[in-house]
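Asks: A single structure is presented below for examination.
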Amino acid sequence: MKRYLGCCFLFACFVAAQVSAPNVGSARFAGGRVFAVHGIPANLLVAQAPWIAADAVSFSDAGGLLSRNGTLTLVGPDGTSFAAYASGEPAPVLNIDGLLSSAIAWLPSKHALLNWSGAAFLLREVNDSGFAGKVTCIQLTSPQVARLLVTHSDTSVSAITISVDTGEIISSDVVPAAHGFTFAQGPLLLSEDPHGLAVESTSGVRRSVTLSQDPLPDGDLTLERMSTDWLHIASASTGRHWALYLTSESLRLSLLPVPPANEAAQ
């Protein structure tokens, strides 16, 4: 397994090297196929073949956290598998946005956090009976504290902070500016607006990311992390894909080409 993942990932990187373009990260397309993405903003290319298939992914510059058939796998930057955990979870919420120690997952069917300690995956049950909504994003804000973003039935959003050590809820606060599906990129929050996404900073500065001239349906967008500063955005209604480079200082949106449907990962 380790050798296979490493070889597939290195093959994708080799394809990128052939066109002399910098590696941007990896993105998941239809059928769960994960492709390397390379290039520069506004001129991105997707590798010719996927290097793996997964049901959910999150990548940073240091590695990735992937889920496939209920098993979560932590991989390094070359695709080498460090550890795996058979969670049995069909729809985990994953995140890794820095070092491998930032890898964390929310397992909704088990009402639990799963994080990488540096030596093993640790599971902590959480009393989520008061959430009354769907967890759309999870993030380690410190080695001891996780933040969950929860969208409620009225489309309002709450930020729930939880002790990673005990699984106890520390605080629950409404996020005033957020609406519907909400995702965190460092200190920035991205949430749905009628034509795409709104990006809100901690100081209250709000920027719009327009993805469609026509209004998009609620819950239309999927966001997954391609690397530390790049996000992959997919629209179910339009079938379009984008890569968003987003930091506190910069926001750059690029259209992603859709890979051929006949390329399958092993």
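Asks: Does at least one position in the stretch 159-180 carry a residue that is in contact (Cβ under 8 Å) with a residue 24 or more places away in the chain, in contact with a strand residue (DSSP E or B) (Cβ under 7 Å, 6 or more places away or on another chain), surrounded by 16 or more Cβ atoms within 10 Å (Cβ to Cβ) and among the hydroxyl-bearing types (Ser, Thr, Tyr)?
Replies: Looking through the stretch 159-180, none of the residues is in contact (Cβ under 8 Å) with a residue 24 or more places away in the chain, in contact with a strand residue (DSSP E or B) (Cβ under 7 Å, 6 or more places away or on another chain), surrounded by 16 or more Cβ atoms within 10 Å (Cβ to Cβ) and among the hydroxyl-bearing types (Ser, Thr, Tyr).
Asks: Still on this structure: Could you list, in sequence order, the residues of the stretch 11-41 that are of a type in the set (A, V, I, L, M, F, W, C) and at pLDDT 90 or above?
Replies: Looking only at the stretch 11-41, we keep the residues that are of a type in the set (A, V, I, L, M, F, W, C), and these are 11-17, 19, 21, 24, 27, 29-30, 34-37, 40.
Within the stretch 11-41, Val24, Ala27, Phe29, Ala30, Val34, Phe35, Ala36, Val37, Ile40 qualify.
Asks: Sticking with this one: Identify the residue in the stretch 211-258 that is under 15 Å from the mean Cα position of the chain (by Cα) and among the acidic types (Asp, Glu) and, among all such residues, is nearest to Arg33 (Cα to Cα).
Replies: The extreme case among them is Glu224.
Asks: Here's something else I'd like to know. Please go through the stretch 124-158 and pick out each residue that is surrounded by 15 or more Cβ atoms within 10 Å (Cβ to Cβ), under 23 Å from Tyr85 (Cβ atoms) and of a type in the set (Gly, Ala, Ser).
Replies: Ala146
Asks: Here are the criteria: (1) over 18 Å from the mean Cα position of the chain (by Cα); (2) within 24 Å of Ile160 (Cβ to Cβ); (3) among the small types (Gly, Ala, Ser). Tell me which single one Ser58 does not satisfy.
Replies: Among (1) over 18 Å from the mean Cα position of the chain (by Cα); (2) within 24 Å of Ile160 (Cβ to Cβ); (3) among the small types (Gly, Ala, Ser), the lone unmet condition for Ser58 is (1).
Asks: It is to be established whether one or more residues within the stretch 131-154 are aromatic (Phe, Trp, Tyr) and either on the phi > 0 side of the Ramachandran plot or modelled with pLDDT of 95 or more (or both).
Replies: As a first pass, look at the stretch 131-154 and keep what is aromatic (Phe, Trp, Tyr): 131.
Filter once more, keeping what is either on the phi > 0 side of the Ramachandran plot or modelled with pLDDT of 95 or more (or both): none.
No: the stretch 131-154 contains no residue that is aromatic (Phe, Trp, Tyr) and either on the phi > 0 side of the Ramachandran plot or modelled with pLDDT of 95 or more (or both).
Asks: Being touching a strand residue (DSSP E or B) at 6+ places or on another chain (Cβ under 8 Å), farther than 16 Å from Phe183 by Cα and hydrophobic (A, V, I, L, M, F, W, C) is the filter here; which residues of the stretch 104-139 pass it?
Replies: Leu107, Ala112, Leu113, Leu114, Trp116, Ala120, Phe121, Leu122, Leu123, Val126, Phe131, Ala132 - these are the residues of the stretch 104-139 that are touching a strand residue (DSSP E or B) at 6+ places or on another chain (Cβ under 8 Å), farther than 16 Å from Phe183 by Cα and hydrophobic (A, V, I, L, M, F, W, C).
Asks: Hey, can you tell me all the residues within the stretch 20-32 that are assigned to a strand (DSSP E or B) and within 14 Å of the chain's Cα centre (by Cα)? Don't jump to the end; show me each part of the working.
Replies: So the first thing to find is which residues in the stretch 20-32 are assigned to a strand (DSSP E or B), and the list is 23-28.
Scanning the stretch 20-32 gives Gly25, Ser26, Ala27, Arg28.
Asks: Look at the stretch 33-48 and say how many of its residues are surrounded by fewer than 18 Cβ atoms within 10 Å (Cβ to Cβ) and either within 18 Å of the chain's Cα centre (by Cα) or not in a strand (DSSP E or B) (or both).
Replies: 3
Table: residues versus (1) touching a strand residue (DSSP E or B) at 6+ places or on another chain (Cβ under 6 Å); (2) modelled with pLDDT of 95 or more; (3) assigned to a loop (DSSP other than H, G, I, E, B); (4) closer than 18 Å to Cys137 by Cβ.
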site: Ala198; (1), (2), (3), (4): yes, yes, no, yes
site: Gly204; (1), (2), (3), (4): no, no, yes, no
site: Glu224; (1), (2), (3), (4): yes, yes, no, yes
site: Ser227; (1), (2), (3), (4): yes, yes, yes, yes
site: Ala234; (1), (2), (3), (4): yes, yes, no, yes
site: Leu244; (1), (2), (3), (4): yes, yes, no, yes
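Asks: Something else now. Quick check, is Thr210 modelled with pLDDT of 95 or more and out of contact with any Ser or Thr (no Cβ under 9 Å at 6 or more places or on another chain)? So that I can check it myself, show each step before the final result.
Replies: Values: modelled with pLDDT of 95 or more: yes; out of contact with any Ser or Thr (no Cβ under 9 Å at 6 or more places or on another chain): yes.
The answer is yes for Thr210.
Asks: A further question follows. Looking at Gly31, Gly25, Gly70, which is the one that is under 30 Å from Thr161 (Cβ atoms), touching a residue at least 24 places away in the same chain (Cβ under 8 Å) and not aliphatic (A, V, I, L, M)? Even if it seems obvious, please write down each step before you answer.
Replies: Working: Gly31 fails: under 30 Å from Thr161 (Cβ atoms); Gly70 fails: touching a residue at least 24 places away in the same chain (Cβ under 8 Å).
After ruling out the rest, the residue left standing is Gly25.
Asks: So, in the stretch 54-96, exactly how many residues are of a type outside the set (Ser, Thr, Tyr) and within 22 Å of Asp229 (Cα to Cα)?
Replies: Within the stretch 54-96, the first condition is being of a type outside the set (Ser, Thr, Tyr), and the residues that meet it are 54-57, 59, 61-66, 68-70, 72, 74-79, 82-84, 86, 88-96.
Subset that is within 22 Å of Asp229 (Cα to Cα): 54-57, 59, 61-66, 74-79, 92-96.
Number of matching residues: 22.
Asks: Consider only pairs whose beta carbons are under 9 Å apart and that are at least six residues apart or on different chains; among these, list those whose first residue lies in the stretch 191-213 and is without any contact (Cβ under 8 Å) to a residue 40 or more places away in the chain and whose second residue is of a type in the set (S, T, N, Q) and exposed (fewer than 11 other Cβ atoms within 10 Å of the Cβ).
Replies: His195/Gln213
Asks: Just to check your reading of the model, which residue among Ser208, Ser212 is assigned to a strand (DSSP E or B) and surrounded by fewer than 18 Cβ atoms within 10 Å (Cβ to Cβ)?
Replies: Numbers: Ser212 fails: assigned to a strand (DSSP E or B).
Matching residue, one of Ser208, Ser212: Ser208.
The values are calculated or read from the model by the stated rules, or taken from the named source; none is laboratory data. These numbers come from a predicted model, not from an experiment. Quick reminder, even Gly has a Cβ in these numbers, built from the backbone with ideal geometry, and neighbours come from all protein chains shown.
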